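Just so you know, all these numbers are worked out from the coordinates, no wet-lab data involved. Every value quoted in this text rests on a predicted model; they were computed, and no experiment measured them. Methodologically, a virtual Cβ is constructed for each residue, glycine included, from the backbone with ideal geometry; neighbour enumeration extends over all protein chains shown.
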Amino acid sequence: MNGNSNAKDFLSIRDFSPSDIQYLLTLGRQVKAHPTAYGGALRRQTLAMIFEKPSLRTRVTFDVGIQQLGGFSLYLSPAEINLGKRESVYDVAKNLERMVQGIMIRTFSHEIVEQMAEYASIPVINGLTDYSHPCQAMADYLTIWEAKSHLEKLKVVFVGDGNNVARSLAFAGAQLGAHVWLATPPGYELDAASVRWARERGAETGGTCTVTNDPDEAASGADVIYTDIWASMGQESEAEKRKHIFLPYQVDATLFRRAKPDAIFLHCLPAHRGDEVTNDVIDSPRSLVFQQAENRLHAQKAIMLELMKGEFVKLPGLVELQELVHI
Ligand code: CP
Ligand code: NVA
């Protein structure tokens with residue numbers, strides 16, 4: 001990568017250096033500002049998209065993104081591949097590496113994505129696992145950067161379940177020098193190892209990771225308030241139980257007023273309006289959720305450009321790119 005890493009894959013925000021993450025975000029802004037400049041960069045390259053869970057944004061933005069770069073996508077539904085049951089992860093990887101130039105995979109266990117990356121000689125991109133959602137975090141910080149013009153020292157507050165989205169938000173915040181707060185109900189905190197990693201990386205970048213069970217304390221003076229559904233895909237049977245537990249963590253106008261007057265609201269979507277967020281917050285002028293959804297496209301185009309560049313694209317270095325972007 002034009003930061004420091006030679007990563008083949010995009011599996012977790014943790015796998016990269018702060019300058020790698022900064023590089024990808026900067027490339028995302030450049031691609032967003034000048035989409036036609038990258039129109040043929042991945043021509044004739046094909047991305048296989050393996051989905052074992054539903055999707056709107058991830059499917060559409062990867063599909064449209066690779067097309068905009070001159071390539072093609074293949075949508076492979078749960079019924080078609082049936083990973084690990086109809087065919088082993090190893091065999092799927094060994095087939096696909098001879099047919100396509102990249103794999104995007106959304107599945108349950110993070111280990112499956114890691115195995116796919118180990119077995120396949122081509123790039124593998126994590127499109128969400130139970131553990132993490134790194135492409136989402138790239139779009140999240142792209143949106144925050146656009147809104148706030150910088151990222152360091154911002155108070156980025158996630159209210160809700162200590163889930164895949166919260167984890168990637170904390171990892172990326174640590175890489176970028178942000179102050180990430182996670183306000184969750186007792187028993188739903190982010191795991192200690194993830195918090196420890198965020199704190200250790202933050203010690204290098206100026207970022208911090210604070211966990212609390214108090215949403216009011218977390219929201220006070222926030223630059224960003226972020227929430228996600230209370231029961232993630234695969235946890236549907238817990239949805240009713242969680243409604244009661246999570247109700248004090250709903251982002252409503254009262255909680256949002258604790259943030260700075262120019263705070264923004266983010267949500268990875270899909271939203272369950274009336275549960276984790278009320279309509280007056282998600283539909284307010286301070287809500288950037290649809291800009292955030294669009295930024296999946298630009299952030300992922302940067303990731304695909306970086307990983308799948310092959311013979312077709314020569315990317316600028318970070319300093320050169322920063323000059324190009326003028327931000
Ligand atoms: N935010 C997100 O990943 O949306 P989808 O589940 O619709 O892809
Ligand atoms: N935490 C949610 C994110 C959806 C984009 C889930 O995993 O279902």
Using the structure shown, decide if Ala239 is in contact (Cβ under 8 Å) with a residue 40 or more places away in the chain and either within 16 Å of ligand 2 (Cβ to nearest atom) or surrounded by 15 or more Cβ atoms within 10 Å (Cβ to Cβ) (or both). no
Sole miss for Ala259 among (1) within 16 Å of ligand 1 (Cβ to nearest atom); (2) touching a residue at least 40 places away in the same chain (Cβ under 8 Å) is condition (1)
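One line per residue, one yes/no per condition, for (1) touching a Cys at 6+ places or on another chain (Cβ under 7 Å); (2) more than 14 Å from ligand 1 (Cβ to nearest atom); (3) in contact (Cβ under 8 Å) with a residue 60 or more places away in the chain:
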{"site": "Leu56", "(1), (2), (3)": "no, no, yes"}
{"site": "Leu69", "(1), (2), (3)": "no, yes, yes"}
{"site": "Ile81", "(1), (2), (3)": "no, yes, no"}
{"site": "Asp91", "(1), (2), (3)": "no, yes, no"}
{"site": "Lys94", "(1), (2), (3)": "no, yes, no"}
{"site": "Met104", "(1), (2), (3)": "no, no, no"}
{"site": "Asp140", "(1), (2), (3)": "no, no, yes"}
Consider Arg273 carefully, then state whether it is surrounded by 15 or more Cβ atoms within 10 Å (Cβ to Cβ) and of a type in the set (Lys, Arg). no
Meets criteria (hydrophobic (A, V, I, L, M, F, W, C), away from ligand 2 (no atom under 16 Å from the Cβ), closer than 26 Å to Glu97 by Cβ and in contact (Cβ under 8 Å) with a residue 24 or more places away in the chain) for Leu25: no
Output for Cβ contacts, cut-off 9 Å, separation at least six or different chains, first residue within 15 Å of Leu142 (Cβ to Cβ) in the stretch 9-21, second of a type in the set (D, E, K, R), reads Phe10/Glu306; Ile13/Arg167; Asp20/Glu306
Subset of the stretch 173-210, residues among the small types (Gly, Ala, Ser), in contact (Cβ under 8 Å) with a residue 40 or more places away in the chain and within 15 Å of ligand 2 (Cβ to nearest atom), comes to none
With the condition kept exactly as written, say whether any residue in the stretch 32-39 is in contact (Cβ under 8 Å) with a residue 12 or more places away in the chain and either within 16 Å of ligand 1 (Cβ to nearest atom) or more than 17 Å from Leu305 (Cβ to Cβ) (or both). no
Give the residue, chosen from Arg167, Arg201, Arg196, that is among the basic types (Lys, Arg) and surrounded by fewer than 19 Cβ atoms within 10 Å (Cβ to Cβ). Arg196
Hey, does the stretch 85-101 have a residue that's among the aliphatic types (A, V, I, L, M), under 23 Å from the mean Cα position of the chain (by Cα) and within 24 Å of Glu306 (Cα to Cα)? no
Pro248, sole failed condition from (1) farther than 23 Å from Gly28 by Cβ; (2) outside any helix (DSSP H, G or I); (3) away from ligand 2 (no atom under 16 Å from the Cβ): (2)
What tally of residues in the stretch 211-234 results from selecting those that are exposed (fewer than 15 other Cβ atoms within 10 Å of the Cβ) and within 16 Å of ligand 2 (Cβ to nearest atom)? 1
Thr26 vs. criteria more than 16 Å from ligand 1 (Cβ to nearest atom) and closer than 24 Å to Ala174 by Cα: yes
Subset of the stretch 276-326 that is of a type in the set (S, T, N, Q) and under 23 Å from Asp63 (Cα atoms) - its residue that is surrounded by the most Cβ atoms within 10 Å (Cβ to Cβ): Gln300
Go through (1) closer than 14 Å to Phe265 by Cα; (2) more than 12 Å from the chain's Cα centre (by Cα); (3) in a helix (DSSP H, G or I) one by one and return the number of the condition Val195 breaks. (1)
